[in-house]
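First comes the structure, then the notes that go with it.
The values are calculated or read from the model by the stated rules, or taken from the named source; none is laboratory data. What you see is a predicted model, and the numbers here were worked out from it, not measured in a lab. Note: ideal-geometry Cβ built from the backbone for every residue, glycine included; neighbour counts use all protein chains shown.
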Amino acid sequence: MRQANPETGRCKSSLSANPGATDGNDFRPALSRRDPGHRQDWRLKPLAAAEKVITQQQPAQQSQVQQQNNADQGKKECKHKSLKPWLHPSDCRAAFVSHFGLLLSSPLTRRLPGDGRTLHLMPRNLIDSAGVRRLILNADDFGLTPGVNRSILELAQTGVLTSATLMATGEAFSQAVAESASAAELGVGCHVVLLDGQSAAPPEAIPTLASPQGQLRPTLGQFARDLYLGRIASEHIEAEAVAQIQRLHQAGVRVTHVDTHKHTHLFPAVLRPLLRAAMRCGIRAIRNPFEPSWAIAVTPGASTVRRVQIGILNRNHETFTRLVRQAGLATTDGAIGVLATGVLDAPILHRLLTAMPPGTWELVCHPGYEDTALASVRTRLRASRAIEHQALLITVPDFPGIERISFGHLTGARP
């Protein structure tokens with residue numbers, strides 16, 4: 001895990017009225033005003049300013065894109081209007097894939113002078129070579145118990161796990177932060193907890209989300225009911241998410257992305273304030289919690305009730321895609337292993353990886369060791385955690401044809 005820069009690991013006190021707006025120092029994708037909503041040309045507002053700096057400070061050095069442009073002068077102009085403002089005709093060899101974006105054969109990037117950051121002209125998850133299968137292997141509940149921490153770090157040290165999401169209010173949070181230095185390549189995100197736990201923000205600041213003692217609602221059912229009835233204020237969700245992210249920043253964690261405990265950002269009423277919190281805190285990636293139909297089809301063992309629940313919640317997928325694009329955050333094509341939570345073993349994992357098509361996906365898993373600390377925590381996942389640990393250890397290392405990445409690869413900020 002890479003340590004956070006104290007100058008960048010701070011959350012802003014507020015956002016501008018336009019959540020999709022960017023300033024001169026923000027290199028997230030911004031929507032074009034010509035964008036009809038379902039399709040995005042992924043231009044960056046500060047691109048012109050960046051090009052000016054590059055030209056002034058490094059006049060003798062041409063960027064990769066500029067060199068390609070010079071080599072391809074005179075070729076037929078690209079006819080796709082949304083690409084025409086900035087994409088060179090030579091890149092029209094790429095396939096256009098509906099509203100999900102473009103599939104390019106090589107990344108379009110520019111190296112910025114000064115701090116050496118890479119400016120990505122398109123979201124990294126859309127810059128994939130045809131046929132490449134990329135997978136983020138993310139363990140949830142980092143910081144829950146010492147046994148969960150030990151399992152995650154062992155898997156990270158062997159190269160099986162590439163990412164983990166840390167619980168700011170977990171009982172073993174401090175231990176997770178201290179010991180994560182042993183897994184330098186592990187990307188660490190924030191596992192935002194909005195139910196079944198203790199709040200990070202002062203209870204009086206989030207009265208619709210937590211009790212006066214700081215207790216969050218104990219079950220997903222209660223949380224979803226009150227969210228639907230309008231009993232939970234959006235600004236209180238945002239405040240709690242910011243408080244949890246700040247706790248990671250203060251501990252020196254460089255946060256790669258955000259997701260939520262129990263996947264509560266499946267609900268648009270949670271996703272909107274979560275996106276605002278992520279933008280305030282400089283986080284540029286978020287989990288896509290929606291499981292694709294191909295993964296559901298190859299997952300046996302899950303209850304009918306859980307299948308119905310996931311089927312209903314998946315109706316929010318289009319809203320998720322639209323809101324994340326407007327916010328300019330990177331994400332994956334979907335999450336696998338969600339339906340298999342609690343039943344994920346080596347055969348199921350092998351089926352999921354075998355069926356996985358080209359694209360960028362995230363495997364959601366919950367490995368751990370069952371011990372007395374886990375027995376005292378409110379969770380339905382106990383013996384299954386050790387089974388998942390073994391399944392990952394057996395299946396992942398030698399599985400062919402998959403490139404293992406982290407969320408940092410999507411934003412150009414690798415761990």
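For region 243-260, a residue qualifies if it is assigned to a helix (DSSP H, G or I), buried (at least 23 other Cβ atoms within 10 Å of the Cβ) and of a type in the set (A, V, I, L, M), and the qualifying residues are Ile245, Leu248. Entry remark, region 155-182: residues being part of a helix (DSSP H, G or I) and either in contact (Cβ under 8 Å) with a residue 24 or more places away in the chain or not assigned by TED's automatic domain parsing to the domain that holds Leu353 (or both) number 12 in total. In region 359-391, the residue that is surrounded by the most Cβ atoms within 10 Å (Cβ to Cβ) out of those that are of a type in the set (A, V, I, L, M) and within 22 Å of Ala285 (Cβ to Cβ) is Leu363. Being outside any helix (DSSP H, G or I) and within 22 Å of Arg287 (Cβ to Cβ) narrows it down to one residue among Gly189, Gly230; which is it? The conditions single out Gly189. Within region 330-343, residues that are under 18 Å from Arg284 (Cβ atoms) reach partners that are of a type in the set (Phe, Trp, Tyr) and surrounded by 20 or more Cβ atoms within 10 Å (Cβ to Cβ) with beta carbons closer than 6 Å, at six or more positions or on different chains, in the pairs Thr332/Trp361; Asp333/Trp361. If you go through region 406-415 and keep only what is aliphatic (A, V, I, L, M) and either at pLDDT 95 or above or not in a loop (DSSP other than H, G, I, E, B) (or both), you end up with just Leu410.
Of all the residues in region 276-319, those that are more than 21 Å from Ala340 (Cα to Cα), acidic (Asp, Glu) and surrounded by 14 or more Cβ atoms within 10 Å (Cβ to Cβ) number 0. Scanning region 265-312 for residues that are at pLDDT 95 or above, among the charged types (D, E, K, R) and either in contact with a Pro (Cβ under 9 Å, 6 or more places away or on another chain) or in a helix (DSSP H, G or I) (or both) turns up Arg272, Arg276, Arg280.
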